[in-house]
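Report on the following structure.
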Amino acid sequence: MRSFAAVLGALLLVFGCARGFAETFLITSDLHLTEDSAAHEAALEALRSASEGADAVILLGDSVNNARPEEHARVTAFLASLDAPCYVIPGNHDVTTDISAFTELYADFGWNDAFSRDGGSASCAVITAGGACLLLLDTNDVTGGVAPLGGISEATCAWVSETLAALPEGTPVIACGHHPLLPAERQARTPGAQALVAALQGVKLYLCGHDHGFATVRARGLQQITTGQPHAYPGWAGLLEVDPDGFHWRVVPLYDDETQQAMRAETLTLADSMARGTLKGTPFEDDEEAIRWFTEAFDAAMSSRLDEETCRAMLDRPAAQKWRMVETKTVVKSWILGLLEGCPQDVRQIDIE
């Protein structure tokens, strides 16, 4: 009997990896669809248009908002209507403790095509038409109940290591998960994140969502790229090209300038509301300087303008010290300060050899 690695090698040759075939993937995340949300129709149509030039589409989790069957039905109907193959991974809004419910719902979007599946989660691995390996990871450890911060079990990490070890040398691997692993935005708090990073040794690219904004960081040889929501400012999606020279990432606008500006105005209103809500009950709840500081940082984060100089300047402002003094330990406070301290790279265009 031929070994698993030998069979995989033959499969990759058939799919064109050895011929230097190039593939393009449209990447998005966090649709948060409900069964009746008309507000998302424009985003779905924008994604449909953007997908026309792609070889495949990847959704990085939280495709729905409440894990209801009606919501999932709306997502799967949309995906089935696209011309390109689609691959879907679960986010914390997509799943309950019943793993099989997700794999059954999205069987035609990765699970059925997998050459390897993790027995304890919805993680699986697929060989694409161009010979790349998509490592579609379930970063929701449901053994203790699904938590917003996610979690990766030891068994899943072991499955990742075994799957990667079986791949023929030189196979391009795209790891995909919902939750960020690297500490650019203090996401190292995700249980099992560091163990998964270790299991991904040799993998160059990890795509994720969850944070509803665009960011990228590189650590331990791994480039992590976080994507944002297609229905929120700045209205981007990711376009990833895989060819013999490596991975080529860039963001593409989904809307015209007028629509993007309207989305930005909504984002600024949201940021103002988030700041006031977080500061309520603190000595700074009516501090307009502190509120304005958060709004400016949020705006810069969403539009990928947090370079080293900008981050340093924001952290040096008196308002940053006020936010550090806020005793309430909220996700909002942790996220914005961690983001500035991590100083993510510009996500708009990245080449990885």
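In the set 269, 278, 310, only one residue is of a type in the set (Ser, Thr, Tyr) and either open to solvent by less than 20 Å² (accessible area, probe 1.4 Å) or in contact (Cβ under 8 Å) with a residue 60 or more places away in the chain (or both); that residue is 278. Beta carbons closer than 6 Å, at least 6 apart along the sequence or on distinct chains, pair a first residue in the stretch 245-266 that is farther than 16 Å from residue 229 by Cα with a second that is open to solvent by 90 Å² or more (accessible area, probe 1.4 Å) for 246/353; 248/351.
Looking across the stretch 280-305, the residues that are in a helix (DSSP H, G or I) and farther than 27 Å from residue 209 by Cβ come down to 288, 289, 290, 291, 292. Scan 298, 247 and give me the residue that is closer than 23 Å to residue 29 by Cβ, out of contact with any helix residue (DSSP H, G or I) (no Cβ under 8 Å at 6 or more places or on another chain) and among the aromatic types (Phe, Trp, Tyr). None of the others qualify; the one that does is 247. Would it be correct to say that residue 282 is closer than 25 Å to residue 148 by Cα and over 21 Å from the mean Cα position of the chain (by Cα)? No. Checking each residue in the stretch 187-204 for being more than 17 Å from residue 171 (Cα to Cα) and more than 13 Å from the chain's Cα centre (by Cα) picks out 188, 189, 190, 191, 192, 193, 194, 195, 196, 197, 198.
Taken together, the residues in the stretch 146-178 that are at pLDDT below 95, out of contact with any helix residue (DSSP H, G or I) (no Cβ under 9 Å at 6 or more places or on another chain) and more than 26 Å from residue 62 (Cα to Cα) amount to 1. Would you confirm, using the coordinates I've provided, whether residue 245 is more than 21 Å from residue 344 (Cα to Cα), among the acidic types (Asp, Glu) and modelled with pLDDT under 95? So residue 245 fits the description; yes.
For the subset of the stretch 296-353 comprising residues that are basic (Lys, Arg) and over 24 Å from residue 283 (Cα atoms), which member is modelled with the highest pLDDT? The qualifying residue modelled with the highest pLDDT is 312.
Residues in the stretch 223-237 that are aliphatic (A, V, I, L, M) and part of a strand (DSSP E or B) were compared, and the one that is surrounded by the most Cβ atoms within 10 Å (Cβ to Cβ) is 225. Restricting 240, 207, 149, 135 to residues that are assigned to a loop (DSSP other than H, G, I, E, B) and within 15 Å of the chain's Cα centre (by Cα) narrows the list to 149.
The values are calculated or read from the model by the stated rules, or taken from the named source; none is laboratory data. This one's a predicted model, so the numbers in the text were calculated from it and none came from an experiment. A quick note on method: Cβ atoms are made from the backbone with ideal geometry, for glycine too, and the neighbour counts reach across all protein chains shown. Surface accessibility is based on the protein's heavy atoms, side chains included, excluding ligands, DNA and RNA. Shrake-Rupley method; radii C 1.70, N 1.55, O 1.52, S 1.80 Å.
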